[in-house]
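Encoded as structure tokens, the structure appears first; notes follow it.
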Amino acid sequence: MSEDQSQPDEMRDSYASETLPRLAPPDVYDPVIEAYKKDVDRTLIRENLKLSYAKRLQKLQSYAASAVRLRGAAWRARKS
């Protein structure tokens, strides 16, 4: 690998070490996180992450369009 190719990695690592906070190791127990985890359906997250980026974006756009239609219907119902 040439010196030019390794420079972006070095710059990224340097940037990350200077600006981003250190994350706790994955085995640290946090009661707040544990309290929230019981309310999260992680199977939905896993299923969504199995989709391609394009498919996830398509689902998001469909959801946003549905929200706009629902907002419009609610607005029309209030006016009548």
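Structure summary
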{"item": "Relative counts (whole %) of C-alpha pair distances in region 15-79, using bins that are 5 Å wide", "result": "3, 12, 10, 11, 13, 16, 16, 8, 5, 3, 2, 0"}
{"item": "Inter-label distance for S80 and A64, nm, one decimal - labels placed 7 Å from Cα along Cα-to-Cβ", "result": "2.9"}
{"item": "3J(HN,Hα) from dihedral phi, region 38-48, Karplus parametrisation 6.51/-1.76/1.60, rounded to Hz, x for glycine, proline", "result": "5, 9, 10, 8, 5, 5, 5, 5, 4, 4, 5"}
{"item": "Backbone HN-Hα couplings from phi across region 68-76 [Karplus 6.51/-1.76/1.60, Hz, Gly and Pro as x]", "result": "5, 5, 5, 4, x, 5, 5, 5, 5"}
{"item": "Stretch gain in nm, segment I45-L57, where the contour uses 0.36 nm per residue and the Cα spacing is subtracted", "result": "2.9 nm"}
{"item": "From phi via Karplus (6.51, -1.76, 1.60), per-residue ³J(HN,Hα) for region 24-30 in Hz, x at Gly/Pro", "result": "5, x, x, 8, 6, 8, 10"}
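A short reminder: the numbers here are calculations on the coordinates, not readings from a lab. Since the model is a prediction, treat every value here as computed from it, not as a measurement. Every residue, glycine as well, gets a Cβ built from its backbone with ideal geometry; the counts of neighbours run over all protein chains shown.
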